[in-house]
Amino acid sequence: MTALNKYIQDNLPRFVEELIELLKIPSVSADSSHNADTARCAEAVRQSLLKAGCTHAEICPTPGHPIVYAEKIVDPALPTILTYGHYDVQPPDPLELWTSGPFEPVVKDDKIYARGSCDDKGQVFMHVKALESMLANGGLPCNVKFMIEGEEEVGSNNLGAFLRENKEKLKADIVLVSDTSMISMDTPSIETGLRGLAYMEVEVTGPNRDLHSGVYGGAVGNPITILAKMIASMHDENNHITIPGFYDDVLILSEAERVELNKAPFSLEEYKKDLNIDEVWGEKGYTTLERTGVRPTLELNGIWGGYTGEGAKTVLPSKASAKISMRLVPHQKSGQIAKLFREHFEKIAPPYVKVKVTEHHGGEPVVTPTDGIAYRAAAMAIEESFGKKPVPTRGGGSIPIVALFEEVLGLKTVLMGFGLDSDNIHSPNEHYGVLNFRKGIETIPLFFKNYSQLKSNNPS
Ligand SMILES: [Zn+2]
């Protein structure tokens, strides 16, 4: 065992304890009643970076939640890795489905249970502890900068401006992000693509007030019925999305690329068993891996209207609403898809209702190159620490910031995540394996070493 790995092994219980302290802070970015907690969490992250050995760490205010920036420059002539992550978390609801409090972390069966344990505090903290471990064992082979934001879960609305205003400060050679998952601990993988996002909210209004369903029902359009029909019409019988022009810019994969993608280990039977469903659903002509990785989707995230309380209330409601998100693939553009959605939704609205379409946050899809030295450095690091070559995969989620890094800073990103799809991120009982946490801390220094070596052999 290397001295570095020995250090990580010996200090792992303390690393877990420190992570648990961070997980106790309910930094829910979507809920303004938690603004003080979110600020407190940013400060805790800043302190942890200073303690780990950063020579400079600051809280950068934004119109929303602050960004933590820190750095350790060992030699300006060496390459610089910019580590990105987020300290904010998803709301913990529904609380009754958690077996322990979302902000009362517990370690059970070698897993840390808490909101944010995997997404993304646990993964951010691997980088903090990797820095500490490297500095305690011979130092850094390159420079490192940290940018840990507090608005990833609500769309990173202030990050673009921050990047544009701090181009010099954020100057680096590559961005390293641990906010994704691997196929399994036996089949390590690196995500090479992420889907983009367009997020819409719609409101359908019928009569000017809630009506008595006995007096008016059957004679006035019911906004809930109409909204349900409009939504249902957005997929055809093959589950293709019916918005005109929606697929126009979709990058079509070659047969060879499809074969490669479907080589990733995947059991449909286990997938169904895990979700307790009898059959999967999706766009005709594509496998589940393709449906979640390289094809765009349209999903309902929430729907409401009328009376939903206890008992019966005979009402014909005035309004009905829904939240709808679309996952996008290269080369779809978030703004263009939002526009097509709006035009289509307004067009299919029948004359007995009025509709209002609001656009929430969006993000562009990205594909990260597998032929560059950054990917090679990550693949070698994972092979060294897991004993197996990683499989390149396409992730179904979205990290809009990755496209922004390229656009504003001209930087490519490596998505070296150590979570598992079964970690329940965004769901009750989110957890992160202690082994995943440890493997991450061991692998990050290997990436630093490999990247510095490959970069000095291939200066560009
Ligand atoms: Zn995340």
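Coordinate-derived values only; no laboratory data. The structure presented is a predicted model; accordingly, all values stated were derived computationally and were not measured. Quick reminder, even Gly has a Cβ in these numbers, built from the backbone with ideal geometry, and neighbours come from all protein chains shown.
Extension gain, Ser422 to Glu58, is 127.6 nm, computed as 0.36 nm per intervening residue step minus the present C-alpha separation. Modelled spin labels at Ala136 and Tyr247, positioned 7 Å past Cα toward Cβ, are 5.5 nm from each other.
Report, in debye and to the nearest 20, how large the dipole of segment 323-460 comes out about its Cα centre when Lys and Arg carry +1 and Asp and Glu carry -1 on their Cβ.
Details: 17 positive and 13 negative charges, 48 e Å.
The dipole magnitude comes to about 220 debye.
Approximating the spin labels as points 7 Å out from Cα along Cα→Cβ, the Trp304-to-Ser33 distance works out to 1.4 nm.
Annotation for segment 300-332: trypsin sites (Lys or Arg not before Pro) lying in DSSP loop with at most 16 further Cβ atoms inside 10 Å of their Cβ are Lys313. Evaluating 6.51 cos²θ - 1.76 cosθ + 1.60 at θ = phi - 60° for every residue in segment 196-208, the Karplus couplings come out as x, 8, 10, 10, 10, 10, 10, 10, 10, 10, x, x, 6 Hz, glycine and proline recorded as x.
Please return the longest stretch of the chain lacking exposed loop sites, where GluC sites (Glu not before Pro) count only if DSSP places them in a loop and at most 12 other Cβ atoms lie within 10 Å.
Segment 1-167 is the longest.
The Cα center of segment 283-348 and the Cα center of segment 3-81 differ in position by 36 Å. Residues whose amide H falls under 5 Å from that of Gly397, counting only those 5 or more places apart or on a different chain, are Arg195, with hydrogens built in the peptide plane. Assign one of three labels to the chain, namely rounded, prolate or oblate, based on the Cα gyration tensor with a ≥ b ≥ c the square roots of its eigenvalues; rounded applies when a/c is under 1.5, prolate when it is not and a/b is larger than b/c, and oblate otherwise. Prolate, since a/c reaches 1.5 and a/b exceeds b/c. For the chain, the dipole from Cβ point charges (+1 on Lys and Arg, -1 on Asp and Glu) about the Cα centre works out to 520 debye, to the nearest 20. Can you give the FRET efficiency for Asp10 and Lys229, using 1/(1 + (r/R0)^6), R0 = 51 Å, r = Cβ-Cβ distance, to the nearest 0.05? Calculated transfer efficiency: 0.25.
Given R₀ = 25 Å, what would the calculated FRET efficiency be for Thr205 paired with Lys347, taking r from the Cβ atoms and rounding to 0.05?
Efficiency for this residue pair is about 0.90.
In terms of its C-alpha gyration tensor, segment 238-368 has an oblate overall shape, because the principal axis ratio a/c (a ≥ b ≥ c, square roots of the eigenvalues) is not below 1.5 and a/b does not outweigh b/c. The residue list Met416, Gly397, Phe386 was ranked by how far each Cα lies along the charge dipole of segment 384-460 toward its positive end, using unit charges on Cβ atoms, and Phe386 comes out on top. When a/c is below 1.5 the answer is rounded, else prolate if a/b is larger than b/c, else oblate, so apply that to segment 168-211 with a ≥ b ≥ c taken from the square roots of the Cα gyration tensor eigenvalues. Oblate, since a/c reaches 1.5 and b/c is not below a/b.
The Rg/Rh ratio of segment 255-310, with Rg taken over Cα atoms and Rh as the Kirkwood radius over Cα pairs, comes to 1.14.
For a paramagnetic label modelled on Lys171 (point 7 Å from Cα along Cα→Cβ), amide N atoms under 15 Å away are absent within segment 435-459.
Loop only per DSSP, at most 16 neighbouring Cβ atoms within 10 Å: give me the chymotrypsin sites (Phe, Trp or Tyr not before Pro) in segment 161-245, ordered by residue number.
Here the chymotrypsin sites (Phe, Trp or Tyr not before Pro) that fit, given the DSSP loop and packing criteria, are Tyr216.
Amide hydrogen proximity for Val106: with H placed 1.01 Å from N in the peptide plane, the residues at 5 or more positions away or on another chain lying under 5 Å are Tyr113.
The distance from the alpha carbon centre of segment 82-103 to that of segment 367-438 is 20 Å, rounded to a whole number. Length gained on full extension, Glu383 to Lys272: 37.0 nm, using 0.36 nm per residue less the C-alpha separation.
In this structure, the pairs whose alpha-carbon distance is over 20 Å, taken from Lys169/Lys439; Lys72/Lys111; Lys129/Lys388; Lys389/Lys449; Lys319/Lys347, are Lys169/Lys439; Lys72/Lys111; Lys129/Lys388. Amide H to amide H, with H built 1.01 Å from N, Ser189 comes under 5 Å of Ile183, Ser184, Val391, counting only residues 5 or more places away or on other chains.
Take every DSSP beta bridge whose two residues both sit in the chain; close to 70 percent of them are antiparallel. Phi-derived couplings, Karplus 6.51 cos²θ - 1.76 cosθ + 1.60 at θ = phi - 60°, listed residue by residue for segment 158-173: 9, 6, x, 5, 4, 4, 5, 7, 10, 4, 5, 4, 8, 3, 7, 9 Hz, with x used for Gly and Pro.
Here the label points at Glu279 and His331, each 7 Å from Cα along the C-beta direction, are separated by 3.7 nm in the simple model.
By the count of neighbouring beta-carbon atoms within 10 Å, fewest first, Val45, Val154 end up ordered Val154, Val45.
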